[in-house]
Amino acid sequence: QVQLVESGGGLVQPGGSLRLSCAASGRFFSINVMGWYRQAPGKQRELVADITRGGGTNYADSVKDRFTISRDVAKNTVYLQMNSLKPEDTAVYYCNVQPIVPSRAYWGQGIQVTVSS
């Protein structure tokens, strides 16, 4: 099994910044893709950004140039630096990891990010 521990959420004013972290532990062999999704009230969960083991990244259009995803392969940890936050970024953010073995996706418990004045 894979355990994910997320941290770094909270309340921030518009224009502010937050950094999310997600650390994976447990029984697995190598993590291929690590990413962040979010779900706002009444909306479907959507991809925010993901990153491959080789460093390739993918971003939602709504966060490009504001958010940066990175990872520490040795620590099995993924980060999401969120700058210039907007009220529409308010959501529960979920970490997602896809190990090579076991070959399935795992989700974190979710962390609240609220952007409000």
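Here are a few things to note about the model shown:
- G110 vs. criteria at positive phi and surrounded by 15 or more Cβ atoms within 10 Å (Cβ to Cβ): yes
- Residue check for R19: open to solvent by less than 40 Å² (accessible area, probe 1.4 Å) and closer than 19 Å to T114 by Cα: no
- Residues that are assigned to a loop (DSSP other than H, G, I, E, B) and among the charged types (D, E, K, R) within the stretch 1-48 comprise R27, K43, R45, listed in sequence order.
- Counting only strands (runs of 3 or more DSSP E) that sit wholly inside the stretch 59-117, those with at least 1 residues that are over 15 Å from Q1 (Cβ atoms) and of a type in the set (G, A, S) are 67-72, 91-101.
- Just one of the listed residues (V92, V63, V73) is free of Cβ contacts under 8 Å to residues at least 60 places away in the same chain and in contact with a Gly (Cβ under 7 Å, 6 or more places away or on another chain), namely V92.
Residues checked against (1) under 23 Å from G16 (Cβ atoms); (2) more than 10 Å from the chain's Cα centre (by Cα); (3) open to solvent by 80 Å² or more (accessible area, probe 1.4 Å):
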| site | (1), (2), (3) |
| --- | --- |
| R53 | no, yes, yes |
| T57 | yes, yes, no |
| F67 | yes, yes, no |
| N76 | no, yes, no |
| Y79 | yes, no, no |
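- Test for R27: is it surrounded by fewer than 13 Cβ atoms within 10 Å (Cβ to Cβ) and modelled with pLDDT under 95: yes
- Among (1) surrounded by 14 or more Cβ atoms within 10 Å (Cβ to Cβ); (2) under 16 Å from R19 (Cα atoms) - the single one D72 does not satisfy: (1)
- Index of the failed condition, G35 passing every other in (1) open to solvent by less than 60 Å² (accessible area, probe 1.4 Å); (2) under 22 Å from V115 (Cβ atoms); (3) in contact with a Phe, Trp or Tyr (Cβ under 7 Å, 6 or more places away or on another chain): (3)
The values are calculated or read from the model by the stated rules, or taken from the named source; none is laboratory data. Being a predicted model, the structure only gives us computed values, none of them experimental. Heads up, the Cβs are rebuilt from the backbone with ideal geometry, glycines too, and the neighbour counts pull from every protein chain shown. Areas reflect the complete protein model, heavy atoms only, side chains present, ligands, DNA and RNA absent. Shrake-Rupley method; radii C 1.70, N 1.55, O 1.52, S 1.80 Å.
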